[in-house]
Amino acid sequence: MPTIEALRARHPEIRDDFTIDQHWARYTRADHETWRTLYRRMEKVLPGRACDEFLNGLKALKIGDEQIPDMERLSDELYKLTRWRVVAVPSLVPDDIFFEHLANRRFPAGYFIRKPEQLDYIEEPDVFHDVFGHVPMLALPVFADYMEAYGKGGMRAQGLGMLPNLARLYWYTVEFGLIAKPEGLRLYGSGIASSRAESIYSVEDASPNRIHFDLERVMRTKYRIDDFQESYFVIDSFDELFGETYKDFGPLYARLQSGLTHEPGTILSTDRLHHRGTHRYQPGSHRASA
Ligand code: HBI
Ligand code: FE
């Protein structure tokens, strides 16, 4: 994570909360073209794979394919729906700054757009991942409230040294969450929704486990940052997600002081499985996970 001093060299106007001006007028035609390419790829794969809440959010916020959205205009639409705003940041911001924004219903979005050779994978969150992937779900009131609660919980977890556990909740819901709908499993996680290949893989491939969401189970499960997930966690509804997490985590954090930590691909006898993955990594063959 770059320090604010390092970022100031590139972004002299950066504020103490790590926000910058989006400088929308500085995007080139090629930048907008990259957005359009990414958008159109996702448009082909998301129907029937993304949940209606995500697709409705895209539509309601008028996040279209023509150009990179102007975050100010987007915020005006989003604010009307759920009182959230989108603010521009260079890319990843420090945890405490990130939580402070979420707790105040501001979503920090990377302002830059990836290069044409990075359509399939990029390490740092850019405007496509953040705006296309994250912002549509913020148009849903219960999800908007969940994100605010996560920000508040993040500040608390940091003080208690429980951030690694809480970050797993974010990872397996906000970034890589699936939801069970009467029509079948659907995706809502932004990391999936902004990836063409993982949108198909997460919902349809036989390889990964799909396990019903359980808060303590999730907080004990490591995750992969460099590959498709080996396990996805499935909620029945956003009300379930909110209800299961809008509580005092004190007793849970106490339980997490002991007991097991699970590898990303592990299946437990207590898991409620939507799908048992066919692909098993051998012990010791793991790549880096967090
Ligand atoms: N910064 N811009 C940005 N986006 C994130 O998703 C993000 C971040 N900083 C920290 C962070 N995520 C995570 O550490 C927490 O959710 C745990
Ligand atoms: Fe993200």
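Taking the numbered list (1) assigned to a helix (DSSP H, G or I); (2) under 29 Å from VAL135 (Cβ atoms) in turn, PHE233 passes all entries but (1). Scanning the range 203-216 for residues that are without any contact (Cβ under 8 Å) to a residue 60 or more places away in the chain and closer than 23 Å to GLU240 by Cα yields PHE213, ASP214, LEU215, GLU216. Residues of the range 161-212 that are among the β-branched types (Val, Ile, Thr), surrounded by fewer than 22 Cβ atoms within 10 Å (Cβ to Cβ) and away from ligand 2 (no atom under 16 Å from the Cβ): ILE200, VAL203. Do we have GLY64 as within 11 Å of ligand 1 (Cβ to nearest atom) and either in contact with a helix residue (DSSP H, G or I) (Cβ under 9 Å, 6 or more places away or on another chain) or within 20 Å of MET1 (Cα to Cα) (or both) here? Criteria not met by GLY64. Among the helices (runs of 4 or more DSSP H) confined to the range 1-119, the ones with at least 3 residues that are free of Cβ contacts under 8 Å to residues at least 60 places away in the same chain and crowded, with 18+ Cβ neighbours inside 10 Å are located at 95-103.
Read the figures in this text as sums done on the coordinates, not as results from a lab. A quick note: this is a predicted structure, and the numbers were derived from the prediction, not measured. In this analysis, Cβ positions are derived from the backbone assuming ideal geometry, glycine residues included, and neighbour counts consider all displayed protein chains.
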